[in-house]
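This report concerns only the one structure given below.
Only the coordinates and a few stated rules stand behind these numbers; no lab work does. On a predicted model such as this, the values are computed, not experimentally measured, just so you know. So basically every Cβ, Gly included, is an ideal-geometry build from the backbone, and we count neighbours across all protein chains shown.
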Amino acid sequence: MARLQFLGGSGTVTGSKFFVDTGKTRFLVDCGMFQGGKQLRLRNWAPLPISPPSIDHIFLTHAHIDHIGMLPVFVREGYKGPVWSTPATCELVEINLADAAHLQEEDARFANKKGFSKHKPALPLYTIEDAQRSFQYLRPLEYGKQVEMSDGSRVQFHDAGHVLGSAMVEAQVSTGNGKFKSVVFSGDLGRYHTPMDTEPFAPEQADYLLVESTYGDRRHPDEETSGELARLINETAARGGTLVVPAFALGRTQILLYTLRDLKARGAIPDLPVFVDSPMAIAITEIYCHHIDSLGPEARKIFETTGKCPVMCPNLHFIHTPQESQEINSLRYPCIIISASGMATGGRVLHHLKFRLPDPRNTILFVGFQASGTRGQLLKDGAREIKIHGEHVPVRAHIRAFESFSRHADEPEIMRWLGSLRVPPKLTCVVHGEPESSGVLAEQICKSLHWQVRVPDYLDVIELK
């Protein structure tokens, strides 16, 4: 009996891992790292719930760490099969995993230096060498092309519209005797009518459907994003402050740069220096400029008209070294700092927050989803102080959040995407969301579409009958 097991991305918005076992072939959709609260992060260090050498294939929906971050661990523990992703995602995975490993090594080194870790010595979850060892298994797979497995099961990618190279996975899973069940994994769904990105592919049918619910309980505000951002930048600059944006290196940084380019071109904001302080974000931005044909029509038109990459804005400075990063904090004039990580869970942005949070002239802007228990969520919820590198940092800076920068579909957009299916699935599983958002979306699907819906728990198993 073919079965599907939820090894992550259930009951939480991180750790995406979905395991399919037909009895003759075994494959994994995503290999993500858990992020957020301590109890979730500890799962990354626990013994793996399946044996990596027993898996035949891994398919990656896109290159965010909560979808790829455990790949070096699986390879270190014996996985030797192909790791399929779109060509752009293949490039991005190498950058993201190398950076993730570097950050873990740096955080462990810093913890040992300052002595604030309970572990003696503090160790990284995996090293740069572990990450590099996993790259040899990456295999590019274009949208619409199929991979056929030993038992006849077939898998193909479709454009999910979330970030560059993102995919949803459509699998025809063998259930024996020449019969198959179709299983569609939405991955992270993009939005409709966005200026820089494509729109998500609309599947026609699925026997079993897994749909993400990151924003399943809310509607993105109707705010005019660029106008709100211009006002915030102008107010911060008038105070003599700095705007610090913790932003995911993949996707969020590029749409922010795209918007800043437009605001400067229209004269809506002064030509402030813009610092991108993330080696990973810098490398990814360059990859965006090499894949302009994969961007949305408006972005392609800008390139055709100007000959310039649409994610490059004037007065843009790429910060490569730690020394250059530290020098930014010596600046006494208004500027914009974009740095990873997007949930303020690690990386160089922590140093900028530690330096800028106590000053009321500054503004900290969050432009993406903040998982429960992360520093980003605590700051959004009004924390008066925050712990960074073992120190309690007072929060006096202005804290703002723009949900409309998210590249995740909201509840109406998810429902629109679900409406593309001509026949109701046998079962729809609501995944990749906090419990409240998953529950609200599941209720809405039942109410509006009258489908059979389930919100699976961690390690739940479903038989694909």
Q | Euclidean distance of C-alpha centroids, the range 415-436 and the range 287-334, integer Å | A | 36 Å
Q | Hydrodynamic radius (Kirkwood) for the range 25-120, which is based on Cα pairs only, to one decimal in Å | A | 14.5 Å
Q: Determine, for each peptide in 242-253, 352-363, 418-429, the mean count of other beta carbons within 10 angstrom over its residues, then list the peptides with the highest first.
A: 242-253, 352-363, 418-429
Q) Based on the mean of other beta carbon atoms within 10 Å per residue, what is the order of 323-333, 143-153, most packed first? A) 143-153, 323-333
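How would you rank 171-180, 278-287, 200-209, highest first, on the average number of other Cβ atoms within 10 Å across their residues? Walk me through the intermediate numbers first.
Details: 171-180: 16.6, 278-287: 21.9, 200-209: 18.7.
Going by the mean number of other Cβ atoms within 10 Å, highest first, we get 278-287, 200-209, 171-180.
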**Q.** Rg/Rh for the chain, where both radii come from Cα atoms and Rh is the Kirkwood radius
**A.** 0.96
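If you average over every viewing direction, what projected area does the convex hull of the Cα atoms of the range 225-405 give, in nm²? Can you show the working numbers first?
Numbers: hull surface 39.4 nm².
Mean projected area of the Cα convex hull: 9.8 nm².
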Q. If we restrict to alpha carbons, what Rg and Dmax does the range 158-245 come to, in Å?
A. 19.8, 71
Q: Sequence neighbours fewer than 8 away in the same chain don't count; with that in mind, list the lysines whose C-alpha is under 18 Å from Lys181.
A: Lys24, Lys426, Lys465
(Q) As an exercise, use a Förster radius of 41 Å and the Cβ-Cβ distance of Val461 and Lys120 to find the FRET efficiency, rounded to the nearest 0.05. (A) 0.60
Q | Helix-derived mean residue ellipticity, 222 nm - over the chain, DSSP H n ≥ 4, -39500 (n - 2.57), to 500 | A | -9500 deg cm²/dmol
